[in-house]
Amino acid sequence: MRLIIRISLTITAICMLGGCGFKDIDKRFFVVALGIDLSDNEKKPYRLTLQLAVPSPKIEPGASKVQIETIDTASVAEGVRMLKAYVDKELDFGHCKVFLIGEKLARQDYQNLLQWLSRRRDIQSVADIAIGKPDAETLLQVMPVSERYPGNTLFLSFGADGTESSYTYVESVSDFARRASEQGLDPLMPVIQKDSKESYIINRTALLNKKRVKLVLSPSESQLYNQLAKDFKKSSMHGMFEGMDLVVAITELHSKFQIGKVDGEDTVTMHVKMKVVFEEAPRGLYETNWASIERDLNREYAKTCVALLKKIQKAKVDPIGFGLRYRATHPGNGAWKQWQAIYPVIKFKVLADIKIEGTGLIK
């Protein structure tokens, strides 16, 4: 009797097993980049653009092959499913490294898109996210002549394996989602533009609140923000000394801040220490006393930093996380409301400590 029961259970279990759901690699389309824009259709407000990798036996500059698919849809999730009817292979987002949000969409409301990115299980949380100007579709149509793998140009622009620009802020999907929900810390994204040739320019940073873009930093402001917020030392600084232009390369950089009372006023005091070497300087500077040059650089750098912090404050965003630090150091249910009242009027003080290490390879 027990044997009959065991055989019956085994047969039942076998009947309940489905067929293999795995699909071979040659039956998959790997999405390497996804662009989301706003369309002109009120019923279908989103325009999705997929950059699909086409396998190629060649691995050399200019050998990259991609297929572009575009659709207007009422929602992002529905559009992705609809695009399956446009291709002959299964769409796979496991290798999607870059997500581009059109500038128009980023200036209205990005929350619906963020919900989809956070919930879909096959999207990498380490994937890069950026704003495409004027729109994501235009940028994904760009085919750089130096690209070896599909979508590799954009990925190398953000990753440490390729270029490391002091003007480029790198943002991941996971960090963007965290910033979009955290009190006292606002999101930000790099802005990608198409240049006159078949390539990209990534030298601006967009600051957002919990819903849309509030401020776009210039290239010089983007570099300065990377120095203050990320201690990005592979950068440079321009200064003046007795009417002469000076350009120094930063070899070491450390910054920190504290929030407290200074002369009875709420103040954010930021300390910036750096070591620099000259990249451009007039001849004869090696014999000059560097103490006076360091004082001028300190004063000018502090003035520039305070101007940037005030500009960010005026835009009513907080990407550095001053509010998060205030909440951490002032426990209690009313800390967040207190900070919301303090931040619009808080003062900024930057103490720069710049040390010149040398004049490069020549005197």
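What FRET efficiency comes out for Glu357 versus Gln141 if R0 is 41 angstrom and r is the Cβ-Cβ distance? Round to the nearest 0.05.
Details: r = 46 Å, r/R0 = 1.12.
The calculated FRET efficiency here is 0.35.
Got a sec to turn the phi values of region 199-205 into Karplus ³J(HN,Hα) couplings, 6.51 cos²θ - 1.76 cosθ + 1.60 with θ = phi - 60°, whole Hz, x for Gly and Pro?
Residue by residue, region 199-205 yields 7, 10, 10, 10, 9, 10, 10 Hz.
Identify the trypsin sites (Lys or Arg not before Pro) of region 181-252 meeting these criteria: DSSP loop state and at most 16 other C-beta atoms within 10 Å of the C-beta. Walk me through the numbers on the way to the answer.
Details: sites: Lys194, Lys197, Arg204, Lys210, Lys211, Arg212, Lys214, Lys230, Lys233, Lys234; in loops: Lys197, Lys210, Lys211, Arg212, Lys233, Lys234.
Sparse-neighbourhood loop trypsin sites (Lys or Arg not before Pro): Lys197, Lys210, Lys211, Arg212, Lys234.
Excluding residues fewer than 8 places away in the same chain, name every one of the aspartates and glutamates whose C-alpha is closer than 15 Å to that of Lys347.
Asp263, Glu265, Asp266, Asp318
Using a Förster radius of 51 Å, what is the FRET efficiency between Asn333 and Arg148 based on their Cβ-Cβ separation? Nearest 0.05, please. Don't jump to the answer; show the numbers that get you there.
Values: r = 55 Å, r/R0 = 1.07.
The calculated FRET efficiency here is 0.40.
Report for the chain the percent antiparallel among DSSP-assigned beta bridges with both residues inside it, nearest 5.
Numbers: 47 of 73 bridges.
DSSP beta bridges in the chain are roughly 65 percent antiparallel.
What does the extension gain come out to for Arg28 and Glu279, with contour length at 0.36 nm per residue minus their alpha carbon separation?
This chain segment gains 85.3 nm when fully extended.
Along the Cα→Cβ direction, 7 angstrom out, place labels at Gln193 and Thr269. What is the inter-label distance in nm?
My value for the distance between the label points is 4.0 nm.
For each pair in Lys65/Lys211; Lys97/Lys355; Lys210/Lys230; Lys256/Lys303; Lys211/Lys234, compute the distance between the two Cα atoms and list the pairs where it is over 28 Å.
Values: Lys65/Lys211 36 Å; Lys97/Lys355 39 Å; Lys210/Lys230 21 Å; Lys256/Lys303 17 Å; Lys211/Lys234 32 Å.
Violating the 28 Å limit, Cα to Cα: Lys65/Lys211; Lys97/Lys355; Lys211/Lys234.
For the chain, give the percent of accessible area contributed by carbon and sulfur heavy atoms, probe 1.4 Å, rounded to a whole number. If you can, show how the numbers build up before the last one.
Numbers: 10310 of 19810 Å².
The value for the chain is 52 percent carbon and sulfur by accessible area.
How long are the semi-axes of the equivalent ellipsoid of the chain, defined as square roots of 5 times the Cα gyration tensor eigenvalues? Whole Å, largest first. Don't skip to the end; give the middle numbers.
Working: eigenvalues 435, 152, 84 Å².
For the chain, the ellipsoid semi-axes come out as 47, 28, 20 Å.
Mind checking the full-extension length gain between Glu69 and Thr163? Use 0.36 nm per residue of separation minus the Cα-Cα distance, one decimal, nm. Write out the running numbers ahead of the final one.
Values: separation 94, 0.36 × 94 = 33.84 nm, distance 2.85 nm.
So the extension gain works out to 31.0 nm.
The values are calculated or read from the model by the stated rules, or taken from the named source; none is laboratory data. Treat the numbers as computed from the prediction; the structure is a model and nothing was measured. Note that each Cβ is placed from the backbone with ideal geometry, even for glycine, and that neighbours are counted across all protein chains shown. We work out accessible area using only protein heavy atoms, side chains counted, and drop any ligands, DNA or RNA first. Shrake-Rupley method; radii C 1.70, N 1.55, O 1.52, S 1.80 Å.
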